[in-house]
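Working notes for the structure below.
The values are calculated or read from the model by the stated rules, or taken from the named source; none is laboratory data. Here the structure is a predicted model, which means the values were calculated and not measured. Cβ sites come from the backbone with ideal geometry, for glycine too, and all protein chains shown count toward neighbours. Each accessible area value is taken on the protein alone, full model and side chains, heavy atoms only, with ligands, DNA and RNA left out. Shrake-Rupley method; radii C 1.70, N 1.55, O 1.52, S 1.80 Å.
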Amino acid sequence: PDQVGKTSKNIWIFVQGRYVQDRALQAALTDAYRSLLMHGEYPICVVQLWAPEDQVDVNIHPTKSQVKFVDPSKAFR
């Protein structure tokens, strides 16, 4: 938490090895860092998430930049 960004552009999320843009997962990361960062600061991080194939759909967007989880709240936790 000693190196932070002023925007969420330095949060890199990969699901099943693919870069995705997922606001819910970004919110989970921001929430996890809430007590460590000042208001308006964002963590600089890379997250790689692997889930059973039947729990995530990576084919909902033509560029495959978005995913859909069977249980989004479980992914958030």
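Using alpha carbons only, how many degrees (0 to 90, rounded to 10) separate the axis of helix 23-32 from the longest principal axis of the chain?
Computed tilt is about 40 degrees.
For the chain, build the charge dipole from Cβ charges (+1 Lys, Arg; -1 Asp, Glu) around the Cα centre, then report which of V70, L25, V56 sits farthest towards its positive end.
About the Cα centre, the residue reaching furthest to the positive side is L25.
Could you give the size of the charge dipole of the chain about its Cα centre, using +1 on the Cβ of each K and R and -1 on the Cβ of each D and E, expressed in debye and rounded to the nearest 20? Present the calculation step by step, with values, prior to reporting the outcome.
Details: 9 positive and 8 negative charges, 39 e Å.
Once rounded to the nearest 20, the dipole reads 180 debye.
Tell me which of Q16, G5, P43 sits at the most positive position along the dipole axis of the chain, charges placed on C-beta atoms (Lys, Arg +1; Asp, Glu -1).
Working it through, the farthest residue towards the positive pole turns out to be G5.
Step through the residues of the range 2-10 one at a time and calculate ³J(HN,Hα) from phi using the Karplus curve (6.51 cos²θ - 1.76 cosθ + 1.60, θ = phi - 60°), rounding each to whole Hz and writing x for Gly and Pro.
Using θ = phi - 60°, the values come out as 7, 10, 10, x, 8, 9, 8, 5, 9 Hz.
Given H placed on each backbone N at 1.01 Å, which residues far from V15 in sequence or on other chains put an amide H within less than 5 Å of it?
Residues meeting the criterion, in which the H sits 1.01 Å from N, are V20, L49.
Give me the accessible area per residue for the chain, probe 1.4 Å, as a whole number in Å².
Working: 5710 Å² over 77 residues.
Ligands and nucleic acids excluded, the figure is 74 Å² per residue.
Which order, highest average first, do 21-33, 49-61 follow once you tally other Cβ atoms within 10 Å for each residue and take the mean per peptide?
Those peptides, ordered most packed to least, come out 21-33, 49-61.
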